[in-house]
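Input: a single structure, listed below in structure tokens.
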Amino acid sequence: MKVHGHDVVENHHIVRGEKRAELVRRLLDAEIPVMGHIGLTPQSVHRMSGYKVQGKTLPALEDLMRDAIALERAGAFAIVLEGVPREVASMITAEVSVPTIGIGAGPDCDGQILVFHDLIGLTAESAKFVRQYANVAGIMSEAVRDFKHDLDAGEFPSDAESYHLPKDAQEALGLILERKKAMAR
């Protein structure tokens, strides 16, 4: 996939911020593409006191801006901005030359992520930024209920959903079963 002319590869490492700039350089030296990730980083959710929007104060905004610039300078090919105010994402996007990919960061990023399970309605509790395009969970629950009902009623599998022997094999099997019965008497 390409975002603003940059190759976005599937086998990449995602790292965040100023503290990780040296790691980014070492990964790039090992020819491993790196996508940065700042703002709400799920791997650090406990340190952040839960799934909370990041960058809501001036010092926090400045930290995010420094992180984004450090990742760009270190060679990250793109930066994910997760759970940050739209205004902050817009400022970072304007400041860095690499693509920004938003997830809960407003429409001003270069690209957008929406987790597939959220998009199709498989997540029990969704974040504010999630737009659900289908209720697959409801459809799946209904299908499982219907399947269980058909099993309990003996309606599944039906004869039409069963494989059968070819006619000549059925006849041969019938002869074998008759001989077996005769021998058992």
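Think of a 1.4 Å ball rolled over the protein heavy atoms: the chain then has 68 Å² of accessible area per residue. Using R0 = 45 Å, the C-beta based FRET efficiency linking residue 139 and residue 168 works out to 0.55.
What's the longest uninterrupted piece of the chain once you rule out the chymotrypsin sites (Phe, Trp or Tyr not before Pro) that are loop residues per DSSP with at most 16 other Cβ within 10 Å?
52-132
Note on the chain: antiparallel DSSP beta bridges, both residues inside, total approximately 10 percent of the bridges counted. Computed from point charges on the beta carbon alone (+1 for Lys and Arg, -1 for Asp and Glu), the dipole magnitude for the chain about its Cα centre is near 500 Debye. Restricting the range 105-180 to trypsin sites (Lys or Arg not before Pro) that sit in a DSSP loop and have at most 12 other Cβ atoms within 10 Å of their own Cβ leaves 128, 131. Counting only protein heavy atoms and a probe of 1.4 Å, the accessible surface of the chain is 55% carbon and sulfur. Annotation: extensible slack from residue 128 through residue 182 equals 12.0 nm (criterion: 0.36 nm per residue apart, minus Cα-Cα distance). Fully extending the segment from residue 115 to residue 94 would add 5.1 nm, taking 0.36 nm per residue of separation and subtracting the current Cα-Cα distance. When the P(r) is computed for the range 100-177, the part past 21 Å accounts for 60% of the Cα-Cα pairs. Here the range 79-145 is treated with +1 on each Lys and Arg Cβ and -1 on each Asp and Glu Cβ, and its dipole about the Cα centre works out to around 240 debye.
When the pairs 19/56; 56/128; 19/128 are compared against a 26 Å limit on Cα-Cα distance, 19/128 fall above it.
Kirkwood Rh, the chain, all Cα pairs: how many Å?
Details: mean 1/r = 0.0484 Å⁻¹.
Evaluated on the chain, it is 20.7 Å.
Length gained on full extension, residue 146 to residue 58, computed as 0.36 nm times the residue gap minus the Cα-Cα distance: 26.3 nm.
The values are calculated or read from the model by the stated rules, or taken from the named source; none is laboratory data. Predicted model, so just to flag it, every value in this text is computed and none were measured. Quick reminder, even Gly has a Cβ in these numbers, built from the backbone with ideal geometry, and neighbours come from all protein chains shown. Surface areas here come from the heavy atoms of the whole protein model, side chains and all, with no ligands, DNA or RNA. Shrake-Rupley method; radii C 1.70, N 1.55, O 1.52, S 1.80 Å.
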